[in-house]
Structure formats: C-alpha cells, structure tokens
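What follows is a set of notes on a single structure, which appears directly below.
The values are calculated or read from the model by the stated rules, or taken from the named source; none is laboratory data. These numbers were taken from a predicted model, which means no experiment stands behind them. When we count neighbours, we look across all protein chains shown, and the Cβ atoms used for this are built from the backbone with ideal geometry, even at glycine. Calculation scope for accessible area: heavy atoms of the full protein, side chains included, ligands and nucleic acids excluded. Shrake-Rupley method; radii C 1.70, N 1.55, O 1.52, S 1.80 Å.
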Amino acid sequence: GVARRREPLLALIGTGMRTARANRRLALGYLASFVARGDLVVIGTFFSLWMMQAGLAQGLSRPAAMAKAGALYGVAQLAGLAWGPILGWLMDKLDRVTVIVIAMGLAAVGYSVVGLTHDPFAPGMSARMMLLGAGELSCILAGQALLGQQAPRDLRGSVMGVAAICAALGVLFSTSLGGWLFDHWRAGGPFVMIAVVNALVLLVALWVRLTTPTERPDR
C-alpha cells in the first residue's frame, strides 16, 4: 500500500478541533477527558495531603494518618471496581451521552459530599468514598467510550491527540486551582471545585443529549 503522508502535529490538532466543531458529541468527549483527569488528580494529590493534615491535627502519628488515608483510598478504588460491570452494562444499553450524564452526576455528588466533610475521619467517610470511587471510574470509562464511538475512523489519531491535550489541561487546572483552594479556603476545596466542574459538564451533556438524535451504542 501507499504510505500515508505524515501531517504536522499542529495540523493534526487542528483536524481534531474542527471535527469537534461539526460534532458536539465529540466536543463533549473532549470535555469529559478534561474533567476525568482532573478527578484523578484531585483524589490522587489532595486526598492524602488532607488526611495527613487532619490526622496530625488530631494527634495521630504520620504513619497512622497515612494508613487511614490508604484505607479510605482503597475503599474508593474497590467501589469503582464493583461499579464497573454495572457501568459497562449501562454503556451497552444506553446512548453514550446518557451515560456521561449519569457519570458526571455521580462524580458531582461523590466529590461534593467528600469535599464538604469537615472531619475526614468521621464514621460516614467510607460511604462517601464509595460514591466518589464510582463517580471517578464512571467519568473515565464513559468519556473514553463516547470518544471511541464518535471519532471518525480515519481521524482517530487526531481525535485521541486532542483528547490527550484536554486531559493534560485538566491536570494543570486541577493542580493549580485545587492547590490554591486547599491553601486559602479549605482542605476539601479541590473536591468541591471538581464537583462543580463535573456538574457543569453534566449540564452540557444534558444539552447535547436533548439537541442531538439518539444513538444506539456500538455492538
């Protein structure tokens, strides 16, 4: 076969952006990439910091505080694993944008109930972390599924490249604004921030769902 001419990086990015302008479902997939990576950064970066700070304030040793943080983080990850098959079933049955709405709703609730907690060692924290874990996984998988469905076969590289850039911007946004909120507002601030972002993407997803024809998931 004839070797395809390699396009410059900026041209590939431009192609990925133009494709999204013509397809709002694909644009929503880019937004989901942004917020999903932001979700990961918030729990991965700020949760252990918060637990350490709270543990030391309550007289726990550093290893004891880290052990509690690790246990709660494990609860979130196990909840995500348990929720995964249910989410997969939903992705096989429902329009992928509907699944984005569910994912963003779960994450918005999960991150807000964790972020608004005054004492991260309170008895109900495990249940909150379970909700957060399910929401975190939902955002990652639902976004990837939507991108996979909407990316034109011949432009898949360009689309995935733009999605990766959006994910990197999500990391930058969450670390910078999240860090400022952690220092100047409250330790749970980064969680509240990302809950608000998830809620905003949920509103965009609802708009996309209502203004585009229903699409059956790929078999």
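Quick rundown of the values:
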{"quantity": "Filtered residue count, the range 152-164, keeping only those that are of a type outside the set (Lys, Arg) and open to solvent by 50 Å² or more (accessible area, probe 1.4 Å)", "calculated": "4"}
{"quantity": "Within the range 57-83, tally of residues that are in contact with a Phe, Trp or Tyr (Cβ under 9 Å, 6 or more places away or on another chain), modelled with pLDDT of 90 or more and either open to solvent by 30 Å² or more (accessible area, probe 1.4 Å) or on the phi > 0 side of the Ramachandran plot (or both)", "calculated": "1"}
{"quantity": "Flag if ILE86 is over 25 Å from ALA54 (Cβ atoms), open to solvent by 10 Å² or more (accessible area, probe 1.4 Å) and among the β-branched types (Val, Ile, Thr)", "calculated": "yes"}
{"quantity": "The range 168-178, subset surrounded by fewer than 16 Cβ atoms within 10 Å (Cβ to Cβ) and without any contact (Cβ under 8 Å) to a residue 60 or more places away in the chain, residue nearest to PRO85 (Cα to Cα)", "calculated": "LEU172"}
{"quantity": "Checking LEU9 against (1) open to solvent by less than 80 Å² (accessible area, probe 1.4 Å); (2) at pLDDT below 90; (3) over 20 Å from GLY178 (Cα atoms), the condition it does not meet", "calculated": "(1)"}
{"quantity": "Any hit, the range 1-8, residues being of a type in the set (Val, Ile, Thr) and not in a helix (DSSP H, G or I)", "calculated": "yes"}
{"quantity": "Pair list, Cβ under 6 Å, 6 or more apart: the range 71-100 residue touching a residue at least 24 places away in the same chain (Cβ under 8 Å), other residue among the polar types (S, T, N, Q)", "calculated": "VAL75/SER126; LEU87/SER138; ASP95/THR214; ARG96/GLN149"}
{"quantity": "Residue within the range 36-56 that is in contact with a Cys (Cβ under 7 Å, 6 or more places away or on another chain), crowded, with 20+ Cβ neighbours inside 10 Å and in contact (Cβ under 8 Å) with a residue 60 or more places away in the chain present", "calculated": "yes"}
{"quantity": "Which numbered condition GLU215 fails, given (1) touching a residue at least 60 places away in the same chain (Cβ under 8 Å); (2) open to solvent by less than 50 Å² (accessible area, probe 1.4 Å)", "calculated": "(2)"}
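Conditions (1) in contact with a His (Cβ under 6 Å, 6 or more places away or on another chain); (2) under 14 Å from SER33 (Cα atoms); (3) open to solvent by less than 30 Å² (accessible area, probe 1.4 Å); (4) without any contact (Cβ under 8 Å) to a residue 40 or more places away in the chain, marked per residue:
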position: GLU136; (1), (2), (3), (4): no, yes, yes, no
position: GLY143; (1), (2), (3), (4): no, yes, yes, no
position: LEU147; (1), (2), (3), (4): no, yes, yes, no
position: GLN150; (1), (2), (3), (4): no, yes, yes, no
position: CYS166; (1), (2), (3), (4): no, yes, yes, no
position: HIS184; (1), (2), (3), (4): no, no, no, yes
position: LEU203; (1), (2), (3), (4): no, no, no, yes
position: ARG209; (1), (2), (3), (4): no, no, no, no
